[in-house]
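The values are calculated or read from the model by the stated rules, or taken from the named source; none is laboratory data. This structure is a prediction, so every number in the text was calculated from the model and none was measured. All Cβ positions, glycine included, derive from the backbone under ideal geometry; neighbour counts span all protein chains shown.
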Amino acid sequence: MTADGNLTSENGREAALALVQEESTLTLATADESGPWSAPVYYVYRNDSFYFFSSPQSRHIQQAVKSGKAAASLFQSANSWQAIRGIQMPGTVERVQSMALSIKVIAKYLNRFAFVSELFPDNPAPDQAAFFSRFRARLYVFAPTAVYYIDNRFGFGARQRIDW
């Protein structure tokens, strides 16, 4: 924040990154000729991207893969318009193909969402194949092409594009 109380790209980035660490659910929005769709997904954040598991047959994955476009938002629960804080992002969704990257992301996912390990009682370190077998889910990445931080504490609709 500047001396006059304005939101800046620098403090917006810090606040956005803190929000990413605090929250756990990303809302992914997609669309095609059948119409728009949105889906909440648990995510882990790594190297400026959001990783999540989803069924290849789900509507949001089908639409994102077909169009090559998606949007995502995450926000903190608020009881007044002045308390609304969040991030809005256009971007792309792709299936993660790299086994080395999958191993790193899955380890981070299991660390962040400990309850998932309980679903694999005989496998303390499940890999991508185990996730697919158990949930019919694959690992995907949402890569933002732009990031906007919104924080109504700075005024109604106070939004700042931030360097990600």
Can you go through 39, 72 and tell me which one is out of contact with any Cys (no Cβ under 8 Å at 6 or more places or on another chain), in contact (Cβ under 8 Å) with a residue 40 or more places away in the chain and part of a strand (DSSP E or B)? 72
How many residues, within segment 119-139, are of a type in the set (D, E, K, R) and farther than 16 Å from residue 54 by Cβ? 2
All positions within segment 75-120 that are part of a loop (DSSP other than H, G, I, E, B), under 17 Å from the mean Cα position of the chain (by Cα) and over 22 Å from residue 132 (Cβ atoms): 76, 77
Does segment 141-163 contain any residue that is over 18 Å from the mean Cα position of the chain (by Cα), among the polar types (S, T, N, Q) and assigned to a loop (DSSP other than H, G, I, E, B)? no
List every residue pair whose Cβ atoms lie under 6 Å apart, where the two residues are 6 or more positions apart in sequence or sit on different chains, the first residue falls within segment 102-118 and is closer than 15 Å to residue 49 by Cβ and without any contact (Cβ under 8 Å) to a residue 40 or more places away in the chain, and the second residue, located anywhere, is aliphatic (A, V, I, L, M) and surrounded by 15 or more Cβ atoms within 10 Å (Cβ to Cβ). 102/96; 102/139
Of the conditions (1) more than 23 Å from residue 27 (Cα to Cα); (2) at pLDDT below 90, residue 100 fails just one. Which one is it? (2)
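Do the conditions hold for residue 131, that is, is it assigned to a helix (DSSP H, G or I), surrounded by fewer than 15 Cβ atoms within 10 Å (Cβ to Cβ), of a type in the set (Phe, Trp, Tyr) and on the phi < 0 side of the Ramachandran plot?
no
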Considering segment 15-30 alone, what residues qualify as being outside any helix (DSSP H, G or I) and among the β-branched types (Val, Ile, Thr)? 25, 27, 30
